[in-house]
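Accompanying notes for the structure given below.
The values are calculated or read from the model by the stated rules, or taken from the named source; none is laboratory data. These numbers come from a predicted model, not from an experiment. Positions of Cβ are backbone-derived with ideal geometry, glycine not excepted, and every protein chain shown enters the neighbour counts. Accessible surface is based on the protein model in full, side chains and every heavy atom, while ligands, DNA and RNA are left aside. Shrake-Rupley method; radii C 1.70, N 1.55, O 1.52, S 1.80 Å.
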Amino acid sequence: ITGDKVKVKKHGGGEENVPLIKVLPAHREQDLKDVSYDDITQLMYLHAASLLNNLKLRYQKKAIYTYIAHILIAVNPFERLDYFGDRELKQYKGKSIGLEPPHVYAISDNAFRQMKNQVKNQAIVVSGESGAGKTETAKLIMKYLASLGEGDMGRLEQIILDGNPILEAVGNAK
């Protein structure tokens, strides 16, 4: 630090003098470039730069889900990942958010349990820009909810998934 300026490292290499007022604090561990947090609320300094850095670090590890308390952020990997099989369906069943790594199944299970325990309707809002993965996320939510039923699961799951085009059409309507 020299006066009201501080020397910072640039992403592409090299250094730059920046006004001290523009420098935001960050976790020292994140300077190591390998520490990320499952839940954004664990960040000591919460601002856009630290939040985006945490998402970037997780994305690089193929950890596409991150919590902000009971809100789930998903970063579209633009590839098929093996995080959605029978093992994961069982892994998140009946577990509170935060006991397992962040996942859309945890949010789905939480909504289902809240609906049963409080006898109140629940909603899961899936939001994002075009190409963000909303349709795939909605399918995963429906798949998880269908897996909680009893009886002919293949048939029930297919009925629920067959309703997706109608939901998409309503979502895309102007």
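Side notes on the structure shown:
- Projecting the Cα positions of GLY14, ASN164, LEU145 onto the charge dipole of the chain (unit charges on Cβ atoms of Lys, Arg, Asp and Glu, taken about the Cα centre) puts GLY14 furthest along the positive direction.
- Taking GLY133, GLY14, GLY163 in turn, the Gaussian network model of the chain (Cα-Cα springs below 10 Å) assigns the largest fluctuation to GLY14.
- Dipole magnitude for the chain: about 300 debye, using +1 per Lys or Arg Cβ and -1 per Asp or Glu Cβ, origin at the Cα centre.
- Heavy-atom accessible surface of the chain, averaged per residue, reaches 69 Å², computed with a 1.4 Å probe.
- Surface composition of region 1-128: carbon and sulfur make up 55 percent of the accessible area, probe 1.4 Å.
- Expected-Rg normalisation [2.2 N^0.38 Å, Cα atoms] applied to the chain: 1.30
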